Amino acid sequence: MLGERGTGEGSAREALAERLRELREGSGRTYASLARRIGVSGSTLHRYCTGQTVPAEFAPVERLARLCGRSGEEREALHRLWLRADAERVERQEAGMAGAPAAEVGEDAEAGADAGAVTEAGADAAARGSRGTPTGTRALSGSVPPASAAVHRDEDSSAYDGGPPAHAPRSPSVRRWVQALAVCTVVSLALVLVAASAGPSRQQRPERQPPVARPSAPPFTWTSDDHVWKYGCGHTYLVGGPPAAVPPPPAEADAESWATALGAVHAGETGVRITLQGTDERAVVLEALRIRVVERREPAEGRVHRMSSGCGGALTPRMFDVDLDVERPVARSVPGNDTGEPIPAVSFPYRVSASDPEVFLVTGRAARCDCGWVAELRWSSGGRSGTVRIDDDGRPFRTSGAPGRPVHDYDFVTRRWVAEP
């Protein structure tokens, strides 16, 4: 809660809100004025700055920082703070769903008690009925009478002299008991025969193997975004259909929904941002990043549509370049550039923890194939190790070459796509 200052919970959220308030106040602009420029409503920006809500994505926070003239280093620090605040939000949601309602347990216990009471009452009623019912009636209800009771039910007085003669007629109740005993004997013999015939087959069945333990989850979380544009503006998509049916180019933050609605494919290259953060303060060593092409087809059809809405600085991640056309693609660490300032290439291994996240930018390039590909990240921590597959929500990332495809740019004056001369 906002009022719970001094505790661990919510501290990152409150720190993020304080930083956003400083940006807003330092800009000298109103909430509504800033909100229009970063693509959110004024009330939403107010909730961000007061700590009522943590932004679901970093994009509006980054746009606000850029608008307020913050440096790349300050934006990176702000991104790390947003990652911690977002992790706290997820933990609170999971903790809220984990508690089972006590009412359900109480209702189950009460139901069990009611069932027990009904059973006990039925048993008492049966006992009272057997004590207050004549012997003949007990015989009709299915309880086995003692031998003396059978003698007393026989109307032949010679029974008192040692039992009825062989030719003496039996009473109806005795005949019913004889029939019931015969039926029980037949059923018992049938069950014995079935058990005997099933015995060898049960012995021949293999013993049930113990369940195989599932591998435990890695000690870090990851997210991926495959609609990352070069410097925030440069990107191309292959789009089918006539250019007149293609909407204007979106902002980078809206690129995924724009491309999904059109069935667009990344043309030439795909920039994938991978964000990793440890689940606790123990360091996780990221040892290697491998690229695996899982699908390889001829380049996709369509027209090339180039995005260009004005470039600006961007948060600088660790950068890797991948040639998907070769048989065995390799992720090569390459130097980056943050608004003219070179960033040296850094190779594996890396370390991440809850307070020290890491961001990778993997650029997959293709000229001769329509390639589906995934990244495999090798990690180790505390004597454990494993490999995590990183993909697009269960699907491979997709990059297609565009040899000889028509190229279109958007004319903001005439508001239409124009073919490159």
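Assorted remarks:
- Qualifying residue in the stretch 34-51 (condition: open to solvent by 30 Å² or more (accessible area, probe 1.4 Å), part of a loop (DSSP other than H, G, I, E, B) and hydroxyl-bearing (Ser, Thr, Tyr)): yes
- Any hit, the stretch 328-347, residues being without any contact (Cβ under 8 Å) to a residue 24 or more places away in the chain, within 30 Å of TRP82 (Cα to Cα), touching a Phe, Trp or Tyr at 6+ places or on another chain (Cβ under 9 Å) and among the aliphatic types (A, V, I, L, M): yes
- Test: GLY99 is under 30 Å from the mean Cα position of the chain (by Cα), more than 30 Å from ILE274 (Cβ to Cβ), at pLDDT 50 or above and surrounded by fewer than 17 Cβ atoms within 10 Å (Cβ to Cβ): yes
- Taken over the stretch 8-27, the criterion of being at pLDDT below 85 and either of a type in the set (A, V, I, L, M, F, W, C) or open to solvent by 70 Å² or more (accessible area, probe 1.4 Å) (or both) is satisfied by GLU9 alone.
- Residue check for VAL362: among the aliphatic types (A, V, I, L, M) and surrounded by fewer than 18 Cβ atoms within 10 Å (Cβ to Cβ): no
- Residue within the stretch 338-347 that is surrounded by 18 or more Cβ atoms within 10 Å (Cβ to Cβ) and either modelled with pLDDT under 95 or in a loop (DSSP other than H, G, I, E, B) (or both) present: no
- Residues satisfying the stated conditions in the stretch 236-290, i.e. part of a strand (DSSP E or B) and either among the aromatic types (Phe, Trp, Tyr) or open to solvent by 60 Å² or more (accessible area, probe 1.4 Å) (or both): TYR237, ARG273, GLU287, ARG290
- Scanning the stretch 366-417 for residues that are assigned to a loop (DSSP other than H, G, I, E, B) and under 25 Å from THR279 (Cβ atoms) turns up GLY382, GLY383, ASP391, ASP393, GLY394.
- Just one of the numbered conditions (1) under 25 Å from TRP222 (Cα atoms); (2) open to solvent by 70 Å² or more (accessible area, probe 1.4 Å); (3) assigned to a helix (DSSP H, G or I) is not true of ALA56: (3).
The values are calculated or read from the model by the stated rules, or taken from the named source; none is laboratory data. The structure presented is a predicted model; accordingly, all values stated were derived computationally and were not measured. Quick reminder, even Gly has a Cβ in these numbers, built from the backbone with ideal geometry, and neighbours come from all protein chains shown. Side chains included, ligands, DNA and RNA excluded: accessible areas come from the protein's heavy atoms. Shrake-Rupley method; radii C 1.70, N 1.55, O 1.52, S 1.80 Å.
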